[in-house]
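What follows is one structure encoded as C-alpha cells, with my remarks underneath.
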Amino acid sequence: MSNFLRTRLRQGTRTLRFPGGDMDLPERFRGRPVLESGRCRSGCRDCAALMPSQLVRLERDGPATLDVGACLFSPEEALACPDGAIHYTRDHRMAGSTRNALITPTGEVELAGRLGEGARRLFGRSLRLRSVVAGSCNGCEAELVALGNVVFDLARFGVQFVASPRHADGIVVTGAVNTNMRLALEKTYEAVPAPKLVIAVGACAISGGPFRGSPEVADGIGSLLPVDLWVPGCPPHPLTILDGLLRLLGRIASGDRGGE
Amino acid sequence: MSATADSGLRNRRTVPWAAVPRSAPEAFAADVCDAVATGWRLVSLFGMPEGDDRVCLVAITADDRAGALAAGGTVVGKEYPALSTRCVQAERFEREIAEQCGVTPLGHPDPRPLRRHPPDHAPRAFPAPTVDREGYAVLRITGEDVHEVAVGPVHAGIIEPGHFRFQAHGEEVLLLDIVLGYQHRGVEPLLETADRARAVLVAESIAGDTVVGHAEAYCGALEALARSHKTPRAQTIRALALELERLANHIGDLGAMAGDVAFQPAAAYLGRLRGECLNLLMTLAGNRYGRGLVRPGGAMFDLPDAMASDMRARLDAVRQDLSDVLGILFDNASVQARFEGVGVLTRSVCEERGIVGVAARACEVPRDVRYDHPYGAFRFAHVPVATAWAGDVLARALVRQLEIQRSLDFVTDQLAALPRGAIRAECGPLRPSELAVALTEGWRGEIVHAVVTDENGNVRRHKVTDPSFHNWTALALAFPGNEISDFPLCNKSFNLSYAGHDL
C-alpha cells in the first residue's frame with residue numbers, strides 16, 4: 001500500500017491545461033503548413049514532380065494554393081519547393097468546418113466555428129462519439145486513444161467515446177474509406193440517432209492520405225456523409241483534434257487563434 | 001530450393017534473380033517442406049505474374065541459428081500442389097497467393113480468402129473471379145448447448161476493424177475464428193507503382209504504430225538493391241528510433257493490459273509514459289510516431305549533442321517512473337492472478353507455425369532479428385534476447401518488461417556514444433533483376449520486406465509481411481479453452497495489427 005501512495009505522490013498531476021496551457025511542442029514539430037506567396041513563383045511547376053501528396057494545387061497562371069487536408073506532413077512536401085516557399089509551422093490548430101476551409105492560398109485555415117445554437121444546446125456540454133475505422137493504418141486511432149490519457153483528458157470536456165452507435169451523438173471516421181468497410185461505416189452512421197455529427201480525422205478520411213488513388217479506397221469520406229469537422233494530420237496531434245472539438249462545441253471562441 | 005546450399009542471401013543483401021534456383025512445382029514444394037521440417041523457418045512465400053498466363057512463386061526461408069536466408073522459386077499455371085498439406089507455416093501465405101494471384105493451391109486445408117479483394121497480382125490472361133466481400137464461411141460448432149458470439153468489425157472501443165466469431169459452451173470458448181481484411185487498402189500495388197518519394201510514405205502507413213519498423217525494412221531492401229551504404233551515424237539514429245518505438249508500444253501495451261484487469265493506477269501512469277516516449281520520437285523526427293525520419297540512404301534528421309543529452313535526461317526520468325509503476329503492477333497479487341494461465345501458447349505450436357516476436361519469446365523461443373540476423377547498429381551493440389517460458393498473458397507481459405529495460409539501456413548507451421559523420425548517403429537507382437530481403441525486429445516481431453526488381457531496375461514485386469500475419473493464428477490457437485470474458489486481456493497481450501495484416 002505504501003508503494004501505491006508513494007507512486008501516486010511521485011506521479012503528481014500531469015494533465016495539460018487546455019486551452020491556454022504551454023503546448024511545449026518541439027522545434028522540429030511539423031504543424032500547419034504554410035505557403036509564402038511571395039516566394040512562390042506564378043506558373044512555376046517545379047514542385048509538382050517532387051511532391052508526394054496533393055498538398056499544392058497548381059493553377060495554370062497565378063499562385064498555387066495549399067490543401068492542408070491533403071497534407072501528409074512529410075519533410076518531402078516542404079522540400080519539394082526549390083524556392084523554400086513551403087514550410088511547417090509549430091501551430092497545431094488547423095481543423096475546419098468545411099472541406100474548403102482547408103484549401104487556402106497561404107495555409108491559413110479558416111478554423112472551425114461553433115455548432116448552430118440548437119446543436120450546441122444538445123451537445124455542448126456532453127458529446128458521445130463512436131469511432132469507425134475504415135481503411136486506416138491505426139495512427140489516427142492511436143492519437144484518438146491518447147486523447148483519453150491523463151495528459152489530454154478528453155473526458156473533462158464532457159466528450160467521450162462510447163461502445164454503441166445507439167448511445168452516440170456522432171461518429172469519428174478515420175481511414176481512407178475502403179471498400180471492405182464501406183457497408184459497416186454506412187450501417188454505423190444509420191444506427192446513430194439524429195441529430196448527429198460526423199467528424200473526419202486525418203488525411204486519409206479527408207482526402208485518401210497516402211492511399212489516395214488505390215482501387216480499394218474511396219479517397220476519403222468525401223460525398224458519402226455530411227461532415228461537420230475536418231481534422232488534418234498524418235496523424236493529427238492530439239492537440240489538433242482537441243482544438244477542433246472544442247471549437248465545434250464553442251468552448252474555444254471562433255476566430256481565437258491565441259497568442260500567435 | 002536447396003536450403004542446405006548457401007546462396008549468400010542474408011538480411012539486407014541481394015542475390016541475382018537468375019541465381020535463385022527454380023524447380024518444378026512438386027520439387028519446389030518438397031524442398032520448402034523438407035527445409036522447414038529440418039528447422040528452417042518460412043519467412044515469406046509470395047507470387048507474381050510471369051508472362052501473361054503464369055505465376056512465379058518465391059519462397060524465402062531462414063536458418064535463424066546460422067543467420068542465413070535462402071530463396072527458391074517455381075512457375076505454375078492456374079493451380080499447383082499446395083505446400084500447406086505438409087507445412088502449416090505455408091497456410092496463410094498460400095491463402096494470400098490464391099487471393100492475390102488467382103491460382104489454386106490444390107489440397108489446401110483452408111481455401112477461404114484472407115482479405116476479400118480481387119486479385120492484384122494475377123497474370124493478365126487469368127479471368128477475373130467474382131469476389132464476395134461480405135460472404136465468409138465462418139468456422140462453427142453445432143450442438144444444443146453451443147452458442148455463438150459475434151464481435152466486430154466495428155468494435156466497442158477505438159480499435160481497428162476485424163471480426164471475431166466465438167463458439168462457446170457456457171463461458172468456455174471452444175473455437176475462435178478471426179475474419180480479417182477490413183483494413184485492406186491495397187498497400188503492395190502502391191509500393192510497387194508509386195514513385196519513391198511517395199512509396200516511403202506508404203511504407204510508413206502500413207501499420208501506424210510501427211512507422212519506424214516498416215520504414216526501416218522498406219529502406220533496408222531498397223538500400224541493398226541500390227548498394228547504398230549508410231553511415232554508422234545514420235544506422236545508430238535509426239536503431240535508436242526503432243527502440244524508442246518499441247519502448248512506447250511495450251509501455252502502452254502493459255498499460256492497456258493493466259486497464260483490462262481494472263488496475264487503473266498503472267493503466268493511467270503507463271498511458272502517460274507511453275506518451276513520453278512518443279514525444280522523444282517527436283523531438284527527433286517532428287512527429288510522435290517517427291514519421292519522416294527513416295529514408296533510403298540514412299536518416300532525414302540529425303541528432304545533435306544537445307538533443308542527445310536532453311533525451312538522456314528525459315529517459316532517466318522515464319526509467320525512474322517505470323521502476324515505480326511496473327513495481328506496483330507486477331507485485332500486485334490480483335494482477336498476477338488475472339494474467340497467469342490465460343491464453344497459453346505452447347512452444348511446439350510456436351515452432352510449428354513460425355510464430356514471431358513477443359508471443360514466441362514468451363514461449364521460450366529465442367527468436368529475434370536483432371540477434372539472429374543482425375544489421376546496422378545491432379551488429380555492434382547487442383540487445384540481449386528476452387524470453388519467458390509459460391506462454392501465457394503473464395509471460396508476454398514479462399517479456400515486454402524485460403525488453404523495456406533492455407531498450408532503455410540500449411538507447412541510453414547509444415545516445416552517449418553517437419558515431420560522427422553524415423546522416424544520409426546516396427541511394428540511387430536499383431540494380432536490375434535482383435532479389436533483396438530485409439528483416440527488422442519491430443516491436444511486434446519480425447517485419448519482412450522482400451523486393452524483386454525487373455530487368456530495368458523497376459520494382460517488379462514488393463512483398464510485405466507484418467508479424468501480425470503469423471501471429472493472428474497464434475491468438476486463434478491460444479484462446480480456446482479460456483473464458484470468453486478473458487478475451488480482451490488475451491487479445492491485448494498479443495496486440496496485433498489489423499492494418500499490418502490487411503495491407
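The values are calculated or read from the model by the stated rules, or taken from the named source; none is laboratory data. Bear in mind the structure is a predicted one, so any value in this text is a computation, not a measurement. Don't worry about glycine lacking a Cβ; one is built from the backbone with ideal geometry, like all the others, and counts go over all protein chains shown.
Just to be sure before I move on: is residue A:154 within 28 Å of residue B:210 (Cα to Cα), facing chain B (nearest Cβ under 9 Å) and touching a residue at least 12 places away in the same chain (Cβ under 8 Å) in the structure I sent? In short, no. Evaluation of residue B:120 against the conditions (1) touching a residue at least 60 places away in the same chain (Cβ under 8 Å); (2) more than 19 Å from residue B:186 (Cβ to Cβ) shows that the sole unmet condition is (2). Take residue B:95 and decide whether it is within 30 Å of residue B:41 (Cα to Cα), without any contact (Cβ under 8 Å) to a residue 40 or more places away in the chain and not in a loop (DSSP other than H, G, I, E, B). Yes, satisfied.
All of B:250, B:184 fail the test of being in contact with a strand residue (DSSP E or B) (Cβ under 8 Å, 6 or more places away or on another chain) and either crowded, with 23+ Cβ neighbours inside 10 Å or within 24 Å of residue B:404 (Cα to Cα) (or both), apart from B:184.
Within segment B:317-362, which residues are farther than 17 Å from residue B:394 by Cα and assigned to a loop (DSSP other than H, G, I, E, B)? Once the filter is applied, which keeps residues that are farther than 17 Å from residue B:394 by Cα and assigned to a loop (DSSP other than H, G, I, E, B), segment B:317-362 yields B:354, B:355, B:356. Among the criteria (1) within 11 Å of chain B (Cβ to nearest Cβ); (2) in contact (Cβ under 8 Å) with a residue 60 or more places away in the chain, the one residue A:228 does not fulfil is (1). When segment B:263-280 is filtered for residues that are in contact (Cβ under 8 Å) with a residue 60 or more places away in the chain, of a type in the set (A, V, I, L, M, F, W, C) and not in a loop (DSSP other than H, G, I, E, B), only B:266 remains. Restricting to segment B:104-122, name every residue that is touching a Pro at 6+ places or on another chain (Cβ under 9 Å), crowded, with 19+ Cβ neighbours inside 10 Å and more than 14 Å from every other protein chain (Cβ to nearest Cβ). Within segment B:104-122, just B:105 meets the criteria. For segment A:81-96, the condition holds for no residue, the condition being that it is without any contact (Cβ under 8 Å) to a residue 60 or more places away in the chain and touching a His at 6+ places or on another chain (Cβ under 8 Å).
Criterion applied to B:198, B:165 was being within 7 Å of chain A (Cβ to nearest Cβ) and buried (at least 18 other Cβ atoms within 10 Å of the Cβ), and the one residue passing it is B:198. Touching a helix residue (DSSP H, G or I) at 6+ places or on another chain (Cβ under 8 Å), within 17 Å of residue B:503 (Cα to Cα), free of Cβ contacts under 8 Å to residues at least 40 places away in the same chain and outside the structural domain of residue B:92 (by TED's automatic domain parsing), is that true of residue B:113? No.
Per the conditions (1) crowded, with 24+ Cβ neighbours inside 10 Å; (2) under 28 Å from residue B:214 (Cα atoms); (3) in contact with a helix residue (DSSP H, G or I) (Cβ under 7 Å, 6 or more places away or on another chain), the sole criterion not satisfied by residue B:329 is (2). Look through segment A:45-60, keep the residues that are within 30 Å of residue A:254 (Cβ to Cβ) and within 14 Å of another protein chain (Cβ to nearest Cβ), and return whichever of them is surrounded by the fewest Cβ atoms within 10 Å (Cβ to Cβ). Looking at the filtered set, the residue picked out is A:54.
Within segment A:190-202, the set of residues being surrounded by fewer than 20 Cβ atoms within 10 Å (Cβ to Cβ) and either of a type in the set (Asp, Glu) or touching a residue at least 40 places away in the same chain (Cβ under 8 Å) (or both) comprises A:190, A:195. Of the helices (runs of 4 or more DSSP H) that lie entirely inside segment B:163-240, those containing 1 or more residues that are without any contact (Cβ under 8 Å) to a residue 60 or more places away in the chain span B:187-193, B:196-203.
When the residues of segment B:7-53 are filtered to those that are within 24 Å of residue B:126 (Cα to Cα) and among the hydrophobic types (A, V, I, L, M, F, W, C), which remaining residue is surrounded by the fewest Cβ atoms within 10 Å (Cβ to Cβ)? Selected residue: B:24. When B:88, B:154, B:149 are screened for being among the β-branched types (Val, Ile, Thr) and in contact with a Ser or Thr (Cβ under 7 Å, 6 or more places away or on another chain), only B:154 passes. Would you check if residue A:223 is without any contact (Cβ under 8 Å) to a residue 12 or more places away in the chain, more than 9 Å from chain B (Cβ to nearest Cβ) and on the phi < 0 side of the Ramachandran plot? It is true that residue A:223 is without any contact (Cβ under 8 Å) to a residue 12 or more places away in the chain, more than 9 Å from chain B (Cβ to nearest Cβ) and on the phi < 0 side of the Ramachandran plot. Filtered by the rule that a residue be farther than 27 Å from residue B:132 by Cα and acidic (Asp, Glu), segment B:174-208 gives B:195, B:204.
If you go through segment A:231-247 and keep only what is under 26 Å from residue B:198 (Cα atoms), more than 9 Å from chain B (Cβ to nearest Cβ) and in contact with a helix residue (DSSP H, G or I) (Cβ under 7 Å, 6 or more places away or on another chain), you end up with A:231, A:232, A:233, A:236, A:241. For residue A:257, the conditions (1) among the basic types (Lys, Arg); (2) surrounded by fewer than 15 Cβ atoms within 10 Å (Cβ to Cβ); (3) modelled with pLDDT of 95 or more all hold with the exception of (3). Restricting attention to segment A:79-100, the residues that are more than 10 Å from chain B (Cβ to nearest Cβ) and buried (at least 19 other Cβ atoms within 10 Å of the Cβ) total 10. Could you go through segment A:28-44 and let me know if any residue there is within 14 Å of chain B (Cβ to nearest Cβ), more than 25 Å from residue A:242 (Cα to Cα) and buried (at least 21 other Cβ atoms within 10 Å of the Cβ). Among the residues of segment A:28-44, not one is within 14 Å of chain B (Cβ to nearest Cβ), more than 25 Å from residue A:242 (Cα to Cα) and buried (at least 21 other Cβ atoms within 10 Å of the Cβ), which makes the answer no. Go through A:182, A:212 for me and flag whichever is more than 8 Å from every other protein chain (Cβ to nearest Cβ), out of contact with any strand residue (DSSP E or B) (no Cβ under 9 Å at 6 or more places or on another chain) and over 23 Å from residue A:71 (Cβ atoms). Testing whether each residue is more than 8 Å from every other protein chain (Cβ to nearest Cβ), out of contact with any strand residue (DSSP E or B) (no Cβ under 9 Å at 6 or more places or on another chain) and over 23 Å from residue A:71 (Cβ atoms) leaves just A:182.
State which residue is nearest to the other protein chains (Cβ to nearest Cβ) when the search covers only segment A:126-144 and only residues that are more than 21 Å from residue B:115 (Cβ to Cβ) and either hydroxyl-bearing (Ser, Thr, Tyr) or not in a helix (DSSP H, G or I) (or both). Filtering segment A:126-144 for residues that are more than 21 Å from residue B:115 (Cβ to Cβ) and either hydroxyl-bearing (Ser, Thr, Tyr) or not in a helix (DSSP H, G or I) (or both), the one nearest to the other protein chains (Cβ to nearest Cβ) comes out as A:131. Of the residues B:156, B:150, B:137, B:125, the single one that is in a loop (DSSP other than H, G, I, E, B) and within 14 Å of chain A (Cβ to nearest Cβ) is B:156.
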